[in-house]
Amino acid sequence: RSARAWLLDNIRNDWSYPNAPHNITASAVGLAENPPIDSRERYYSDGEDSASDNENDKATPTFDTPDSVGTVLEDRKARRRRRRQKRFEDEMKENIGLAHWSAQRNTWTGAQPRTPVIQEAPPIQSAPLRSESPGAPSSVASTITPPVVIAALPDTDLMVPVAPPLLPDNTVRSRITTNTYSDIYTKIVLQSRTPSIPINLTDVTRSLVHGWKEEGQWPPKPTPAEPSLVKKHGHPN
């Protein structure tokens, strides 16, 4: 009941969409109304880098002493994060669409660099959209706006704000921990029951992975390709 009342009081449903020019500048209205309580690195699940080509990470980690367990696991996680980030940066150099998507994601999530950007990158000129005639304005040429490039910073250099909880005083919401993931998977996912309160998407995602692990379905096992997808080679007579 309190969740429904909060949603009715805070969710706006009278939006209008005028034909305004596109503006990629991040709006600080949302952050001003609901200031974040903390900031952290962007979260990726452990399976995000499962296709690692490093044999050292595929092997079972060895620990010299019990005290070295945390250090070894953190080093392994850091290596995976660096490899993932390097692949991401290499792809953005060739794929401007991915760089634009990364910039928009950083804008939508309110991500901020760990240290302020001192010098902006110069504009990147691309091929003109159409041929220019003599005397035509130079604005015909397409220019990639510098903020798009600057906003596509590596995740290791960004901090994502942590929003305050919607229902901080709700006792049921505070009980959603790792111990309740099995119940969320069974009752809400499998039995399609409606939760009495909003559940964070992060908790729902982790509940799915937790339930799949209990059923032996995670990580996914390799399966043979469908016969229709396999190219058939004819044999010469």
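The values are calculated or read from the model by the stated rules, or taken from the named source; none is laboratory data. Because the structure is predicted, anything quoted here is derived from the model rather than measured. As a convention, Cβ positions derive from the backbone with ideal geometry for all residues, glycine included, and neighbour counts pool all protein chains shown.
Against the definition (closer than 30 Å to Ile197 by Cα, hydroxyl-bearing (Ser, Thr, Tyr) and either modelled with pLDDT of 75 or more or surrounded by 12 or more Cβ atoms within 10 Å (Cβ to Cβ) (or both)), how does Thr109 come out, yes or no? Against the criterion (closer than 30 Å to Ile197 by Cα, hydroxyl-bearing (Ser, Thr, Tyr) and either modelled with pLDDT of 75 or more or surrounded by 12 or more Cβ atoms within 10 Å (Cβ to Cβ) (or both)), Thr109 qualifies. Asn54 falls short of the stated requirement of being assigned by TED's automatic domain parsing to the domain that holds Ala111 and modelled with pLDDT of 80 or more.
One residue stands out among those in the stretch 156-215 that are assigned to a helix (DSSP H, G or I) and within 30 Å of Thr115 (Cβ to Cβ): the one that is modelled with the lowest pLDDT, which is Thr156. Of the residues Leu208, Leu190, the single one that is surrounded by 14 or more Cβ atoms within 10 Å (Cβ to Cβ) and either without any contact (Cβ under 8 Å) to a residue 24 or more places away in the chain or assigned by TED's automatic domain parsing to the domain that holds Ser102 (or both) is Leu208. Determine whether the stretch 69-91 contains at least one residue that is outside any helix (DSSP H, G or I) and either farther than 16 Å from Leu158 by Cα or at pLDDT 70 or above (or both). Checked the stretch 69-91: no residue is outside any helix (DSSP H, G or I) and either farther than 16 Å from Leu158 by Cα or at pLDDT 70 or above (or both).
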